[in-house]
1. Return the pair list, or none, for Cβ contacts closer than 6 Å from residues in segment 9-20 that are in contact (Cβ under 8 Å) with a residue 12 or more places away in the chain to residues that are surrounded by fewer than 16 Cβ atoms within 10 Å (Cβ to Cβ), at least 6 apart or on different chains.
2. Could you pull out the residue among 56, 46 that is modelled with pLDDT of 90 or more and out of contact with any strand residue (DSSP E or B) (no Cβ under 9 Å at 6 or more places or on another chain)?
3. Considering segment 37-62 alone, what residues qualify as being over 12 Å from residue 7 (Cα atoms) and surrounded by 13 or more Cβ atoms within 10 Å (Cβ to Cβ)?
Amino acid sequence: MEFDVIFVLGLLLALFSAPSFASAYADKRRPTQALLTVLIGAGMIYYAVVMNPGVYAVDQVDDVVLRVIGWVLNE
């Protein structure tokens, strides 16, 4: 389960960096913070996939996210 949590947190970090990219683009500045956030999120996703091979397929991502949300709400 801990790899599922790492995977979902990595997805959330990568998702939440999109507004930072848009803000940097609108202000015509470098998206340094957004790039760092995406790299951390991608590293977390990569770590979860490598440590738990064969579990995270594209068609199972929504199941993993819902499983983690259910686990968090039941704790």
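The values are calculated or read from the model by the stated rules, or taken from the named source; none is laboratory data. The structure presented is a predicted model; accordingly, all values stated were derived computationally and were not measured. Neighbour counts run over all protein chains shown; Cβ positions are idealised from the backbone, glycine included.
1. 13/40; 20/33
2. Values: 56 fails: modelled with pLDDT of 90 or more.
Of the residues listed, the single one that is modelled with pLDDT of 90 or more and out of contact with any strand residue (DSSP E or B) (no Cβ under 9 Å at 6 or more places or on another chain) is 46.
3. 37, 38, 39
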